[in-house]
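Reviewing the structure listed below.
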Amino acid sequence: MALRSDKNLYPGINPHLNSLLQQPDGDWQSFHAYHLINIAQILNRILPRGYKAKPEQSLQIKIYNPPDEFVSKSRSDVLVMREHAFHKQEFSTAERSTPTLTLPMTEVVSEMDELTALVIYKGNKPITRLELLSPANKPPGSYYTNYLAKRDETLYSGMRFVEIDYLHERHPTTDKVASYVEGVRGAYPYHIIVFDPHPTFEQGKINFFGFGVLSPMPLVSIPLENDESVRFDFGEAYNMTFSERPFCEEVDYEQEPANFNAYALVDREGIRQHMAEIAARFQA
């Protein structure tokens, strides 16, 4: 019998959902869209007066290329699915409208469709950009180099930058961070990296927040203009996204996460122990 809950039963990243999302048919894009909107909702409740967080075009490219990435040249914003086929039935007898314009698909749908990011504004001035990484934009992804170039360009422009990385199956975006994929002792599977190129680029700092499979997600100080900042709980945003029906219903706590061997041995043991504790709670 499947064990499911509409709440995240892990203290931080849920390995069952997170591993599933990283598989070729895992639909990381849907999670990406939901999660950034949830982050924006929380930010707009807690940002100082005069600031606002808005979704904008990402620095990242969402197309995936084989052999390590899957191809997705177009995706709907909302997908309505019908689980079973029944007898054909017309739902309306009203006369159908004639299109006012018909164009080839290629004239409207861009192959280089991009993901969404968040930008924090003060008035009309962009201050801080937040990016949730996707597989194609981490090494060895085919758009990794492109993403790095755009990130550097953003930092040289003076914008603060927050990189959110939940992808333990890929190498970090910088070799300054130990790679969990390579089994480096002490490496973290997840990172939130805060780049602040102020007061000058040369004097700026990069703060790394690494966290583990069974660890709470960090409370991070997100830099704003001058010396202002906002303290953000990434765990609150993650749990909000997890509880959305497309995601919580995908998790069965009786089943080991997909691609389970991508986790370090100590983490596999920890996940199994946590699964046993969850099962005991369901039985109580």
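A few remarks follow.
- The one condition in (1) of a type in the set (A, V, I, L, M); (2) touching a residue at least 40 places away in the same chain (Cβ under 8 Å); (3) over 18 Å from K205 (Cα atoms) that I164 fails to fulfil: (3)
- E250 meets all of the listed conditions (1) under 16 Å from the mean Cα position of the chain (by Cα); (2) at pLDDT below 95 but one, namely (1).
- Any hit, the stretch 259-276, residues being out of contact with any Phe, Trp or Tyr (no Cβ under 6 Å at 6 or more places or on another chain), farther than 18 Å from V213 by Cα and either in contact (Cβ under 8 Å) with a residue 24 or more places away in the chain or surrounded by 13 or more Cβ atoms within 10 Å (Cβ to Cβ) (or both): no
- All positions within the stretch 135-156 that are exposed (fewer than 15 other Cβ atoms within 10 Å of the Cβ), under 23 Å from G204 (Cβ atoms) and either of a type in the set (K, R) or touching a residue at least 12 places away in the same chain (Cβ under 8 Å) (or both): Y156
- Counting the residues of the stretch 189-216 that are within 21 Å of the chain's Cα centre (by Cα) and more than 19 Å from E131 (Cα to Cα) gives 5.
- Every listed requirement among (1) outside any loop (DSSP other than H, G, I, E, B); (2) among the polar types (S, T, N, Q); (3) surrounded by fewer than 17 Cβ atoms within 10 Å (Cβ to Cβ) is met by T200 save one, (1).
- Breaking point among (1) of a type outside the set (G, A, S); (2) modelled with pLDDT of 95 or more; (3) within 17 Å of the chain's Cα centre (by Cα); (4) not in a strand (DSSP E or B), for I164: (4)
The values are calculated or read from the model by the stated rules, or taken from the named source; none is laboratory data. In this text the structure is predicted, and so the values were computed from the model without any measurement. All Cβ positions, even for glycine, are placed from backbone atoms using ideal geometry, and neighbour counts span all protein chains on display.
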